[in-house]
1. Sort through ALA77, ALA34, ALA40, ALA64 and tell me the only one that's hydrophobic (A, V, I, L, M, F, W, C) and outside any strand (DSSP E or B).
2. Between residues in the range 324-337 that are in contact (Cβ under 8 Å) with a residue 40 or more places away in the chain and aromatic (Phe, Trp, Tyr) and residues that are outside any loop (DSSP other than H, G, I, E, B) and surrounded by fewer than 13 Cβ atoms within 10 Å (Cβ to Cβ), which pairs lie under 9 Å by C-beta distance while being six or more apart or on different chains?
3. Considering every residue within the range 5-18, establish whether at least one is of a type outside the set (Lys, Arg), part of a loop (DSSP other than H, G, I, E, B) and touching a Lys or Arg at 6+ places or on another chain (Cβ under 7 Å).
4. Among the residues of the range 174-207, count how many are more than 22 Å from ARG299 (Cβ to Cβ), part of a helix (DSSP H, G or I) and at pLDDT 95 or above.
5. Go through the range 85-136 and tell me which strands (runs of 3 or more DSSP E), entirely inside it, have 2 or more residues that are within 27 Å of ASP148 (Cβ to Cβ), touching a residue at least 40 places away in the same chain (Cβ under 8 Å) and not polar (S, T, N, Q).
6. Which of the residues belonging to the range 185-221 are over 24 Å from ALA312 (Cα atoms) and touching a strand residue (DSSP E or B) at 6+ places or on another chain (Cβ under 6 Å)?
7. Quick check: anything in the range 194-204 crowded, with 20+ Cβ neighbours inside 10 Å, among the aromatic types (Phe, Trp, Tyr) and under 20 Å from the mean Cα position of the chain (by Cα)?
8. Looking at SER101, SER82, which is the one that is within 22 Å of the chain's Cα centre (by Cα), over 22 Å from PHE308 (Cβ atoms) and among the hydroxyl-bearing types (Ser, Thr, Tyr)?
Amino acid sequence: MTSISEFIVRKDNLGEGRVETREAPTLKDGEVLAKVDRFAITANNVTYGVVGERIGYWKFFPVAEDGDGIIPVWGFADIIESKHPAIETGERLYGYFPMASHLVMAPSKVTDRRLFDGAAHRAGLPPVYNSYARVKAEPGYDKAMDDDRMVLYPLYATSYCLYDFMKDKVWFGARQIIIPSASSKTAIGCAYAFAADSAAPKLVGLTSARNKAAVARLKLYADVLTYDEIEKVDASVPSVIIDMSGNGDLLGRLHKHLGDNMKYTSNVGVTHYDANAMGADFIRERSEMFFAPGHIQKRTQEWGPGAFEKQAFGFWKDAALKSRDWLIIRREDGPEAVKRAWADVYEGKTPADAAWVVGF
């Protein structure tokens with residue numbers, strides 16, 4: 001029998017995690033058993049936990065105990081057992097997996113390059129998270145970029161969605177785009193996308209004093225300011241905020257400083273998860289949570305299946321290669337490595353230029 005190891009957290013205290021082991025269930029007809037090879041752990045996964053109840057992230061990989069949950073991750077897995085007529089053992093998948101060693105899947109809508117997990121409990125969840133790439137069928141698949149893909153594709157895909165969303169809205173009339181938590185990888189992905197468009201407004205990055213020099217070295221932002229320098233942001237021009245921090249105090253200060261020139265705030269992440277309650281000066285009526293799968297679904301309806309994803313994938317690959325100039329990927333294996341990586345990311349100890357790729 002195959003044993004499944006799972007990293008389980010308390011929903012009300014994400015820092016409290018443990019590894020539990022159980023026997024894999026006997027596969028039913030139409031099911032497969034995927035052995036999770038490795039997965040990335042980034043601040044993106046912290047966001048999944050923080051907004052898990054609101055957005056539904058806890059529903060993907062449910063556990064029996066009330067109050068417990070498994071945080072989803074992006075990674076690769078190999079099929080080691082199959083009772084599905086169209087899926088053979090040895091198949092390699094990229095997609096949305098639990099922080100675990102294995103996953104029982106029920107493949108549906110199987111095509112040469114893609115399949116969906118048709119498990120009943122996932123039926124009402126966003127399709128982008130239920131879709132898995134059959135990577136061996138991808139033209140030009142390069143296994144040497146697996147680590148880059150685990151770490152950066154989910155983030156840079158969101159970055160590209162944000163860029164495309166803002167462009168679709170004609171930048172909300174803004175002449176500058178301000179990005180708090182500018183050292184975050186999703187922010188850097190946004191900066192790559194906006195910097196490549198000569199018609200886009202200028203970018204202003206806000207970051208900690210510790211990260212200011214590193215952000216400036218990227219040469220993607222027109223200005224890089226620390227959080228103590230918010231009042232130096234030009235408040236005389238129409239502005240849009242793409243917020244990766246979720247820091248309510250910081251956003252309140254920035255909204256108050258910009259006043260009527262704060263045209264729109266897109267709330268994306270919560271890298272400052274411990275400060276994500278919005279204060280009195282936060283302008284709620286011109287702020288909205290950004291949900292990348294919703295934008296992808298909109299573009300799918302407008303452009304047809306796969307068209308937007310093709311653009312986003314091309315952007316990701318180009319930006320990922322550029323990111324090798326500064327990104328250090330820490331690769332470790334074993335239950336203790338998973339626990340250590342999660343604690344490091346959750347506690348904000350992972351440097352801006354580093355990322356974790358781990359596996360059981």
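The values are calculated or read from the model by the stated rules, or taken from the named source; none is laboratory data. If you're wondering where the values come from, they're calculated on a predicted model, not measured in any experiment. FYI the Cβ positions are ideal-geometry reconstructions off the backbone, even for glycines, and counts take in every protein chain you see.
1. ALA64
2. Short answer, once both residue conditions are applied: TRP326/ARG217.
3. No, every residue in the range 5-18 fails to be of a type outside the set (Lys, Arg), part of a loop (DSSP other than H, G, I, E, B) and touching a Lys or Arg at 6+ places or on another chain (Cβ under 7 Å).
4. Counting residues in the range 174-207 that are more than 22 Å from ARG299 (Cβ to Cβ), part of a helix (DSSP H, G or I) and at pLDDT 95 or above gives 1.
5. Fully inside the range 85-136 and qualifying: 92-98, 102-105, 131-134.
6. Those that are over 24 Å from ALA312 (Cα atoms) and touching a strand residue (DSSP E or B) at 6+ places or on another chain (Cβ under 6 Å): LEU206, ALA209, LYS212, ALA216.
7. Yes, the conditions are met somewhere in the range 194-204.
8. Criteria check complete, one pass: SER101.
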